[in-house]
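Here is the structure we will look at.
The values are calculated or read from the model by the stated rules, or taken from the named source; none is laboratory data. On a predicted model such as this, the values are computed, not experimentally measured, just so you know. As a convention, Cβ positions derive from the backbone with ideal geometry for all residues, glycine included, and neighbour counts pool all protein chains shown. Heads up: the accessible areas ignore ligands, DNA and RNA and are worked out on the full protein's heavy atoms, side chains in. Shrake-Rupley method; radii C 1.70, N 1.55, O 1.52, S 1.80 Å.
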Amino acid sequence: MKLPRLKHYKWWLRIASYSFFLIAGQAVATLLGRLYFDQGGNSKWMATFVQSAGFPTLLPLLFFFSSSLRSTASTPLNTSSTKLPPLSTLTFLYFAFGLMLTGGNLMYSYGLSYLPVSTYSLLCATQLAFNALFSFFFNSQKFTPFILNSLVLLTISASLLAVNTNSENMTGIPKGKYVIGFLCTLGASATFSLNLSLVQLSFQKVIKTETFSAVLDMQIYPSFVATCGCVVGLFASGEWKILGNEMENYGKGRVSYMMTLIWTGLTWQISQTAMLGLIFEVSSLFSNVISTLAYPVVPILAVMFFHDKMDGVKVMALVLAVWGLLSYIYQHYLDDSKSKVNKTSDNEASGAGAVIEVC
């Protein structure tokens, strides 16, 4: 009995580690992204670039896990092997996910530049609603009363923010840009959720390899495609010409400018890799639930560090978002309890069948 329990505890330890790095990385990355724009950064493509450009930091992990996998496969005792999909199929997947990542990150950059970080974070909570919809079509996710309750609450939360335009006190930002930021954030949330559901579907139907190396591949190669797309966008838009002047006039100095971009890239990679780990261990819906835990934290930090306005409407939107999140978490608790009961019943039935067969 000790070995199965130890395995179960190790699984929960992995889940806890992934969750911590996802929440912490996402919260810090969001605040650093807002800091870039607040201190004089203006390049949307640069803000998009750093969201994916940190992927080289994962290469040592990829080499380590890939070599471990090859050495395990070469041992005489290892008789089972997993057939990898064709290289052309993997290339198509990585390229498609990379393009989706580029588009979603660019919309996030517009949202973060035109909205207060508290409003931006609360709008990002709509990822759960989009993810539930896409998971219903692609991942056989069932709608339960608690999930429907969460969808309704998150929709109301976003609607409250939509009618709260005039109370945002956005100095220097016209109402039109606020609307663009609002729509871009919603579009980015939908794109991100679609990406997660398709990634889970790819793991189940195409890749079929339950290794962390496969998780890293799904992070590194699409990030490489997204980074190349951002470089093309940076030069095609002409924003590369303003980067030198942007660095010189950055509010906190040149060193702070570089450190802001570097740490933004690193924290995004930490959070995205942790999210892929949760997809691998559980599901895209669960990873999105954990990701949304950061959103109630960010508005509070935004009030502390950026002096964002937290009026009654925004507080109500925050309460509804947290309520919707708790509905999701409770549904996962019910699903986990039900699966344990079913597993115990199956084990007892198989044990009784073995006894009858012996007799």
- Would you point out which residue out of Gly265, Gly187 is closer than 28 Å to Gln331 by Cα, in contact with a Gly (Cβ under 9 Å, 6 or more places away or on another chain) and at pLDDT 90 or above? Gly187
- Query: Only one of (1) more than 28 Å from Phe136 (Cα to Cα); (2) open to solvent by less than 30 Å² (accessible area, probe 1.4 Å) is not met by Ala274, so which one is it?
  - Reply: (1)
- Message: Which numbered condition in (1) closer than 30 Å to Ile207 by Cα; (2) modelled with pLDDT under 95; (3) surrounded by fewer than 19 Cβ atoms within 10 Å (Cβ to Cβ) is the only one that Asn245 fails?
- Response: (1)
- By residue number, the members of segment 106-140 that are within 16 Å of the chain's Cα centre (by Cα), open to solvent by 10 Å² or more (accessible area, probe 1.4 Å) and farther than 29 Å from Cys228 by Cα are Ala129
- Among the residues of segment 21-60, which ones are assigned to a loop (DSSP other than H, G, I, E, B) and either open to solvent by 10 Å² or more (accessible area, probe 1.4 Å) or under 12 Å from Thr227 (Cβ atoms) (or both)? Gln39, Gly40, Asn42, Val50, Gln51, Ser52, Ala53, Gly54
- Message: Return the pair list, or none, for Cβ contacts closer than 6 Å from residues in segment 224-236 that are at negative phi to residues that are surrounded by 13 or more Cβ atoms within 10 Å (Cβ to Cβ) and among the polar types (S, T, N, Q), at least 6 apart or on different chains.
- Response: Ala226/Ser52; Ala226/Thr102; Thr227/Ser52; Gly229/Thr102; Cys230/Thr48
- Task: Go through segment 226-237 and give me each residue that's outside any loop (DSSP other than H, G, I, E, B) and surrounded by fewer than 20 Cβ atoms within 10 Å (Cβ to Cβ).
- Result: Cys228, Val231, Val232, Gly233, Leu234, Phe235, Ala236
- Name the single residue, out of those in segment 145-159 being within 22 Å of the chain's Cα centre (by Cα) and surrounded by fewer than 17 Cβ atoms within 10 Å (Cβ to Cβ), that is nearest to Pro296 (Cα to Cα). Thr155
- Restricting attention to segment 107-114, does a residue exist that is among the aliphatic types (A, V, I, L, M) and assigned to a loop (DSSP other than H, G, I, E, B)? no
- Message: Need the failing condition index for Leu285 against (1) at pLDDT below 90; (2) open to solvent by 60 Å² or more (accessible area, probe 1.4 Å), just the number.
- Response: (2)
- Checking Ala214 against (1) open to solvent by less than 50 Å² (accessible area, probe 1.4 Å); (2) closer than 28 Å to Phe95 by Cα; (3) more than 27 Å from the chain's Cα centre (by Cα), which test does it fail? (3)
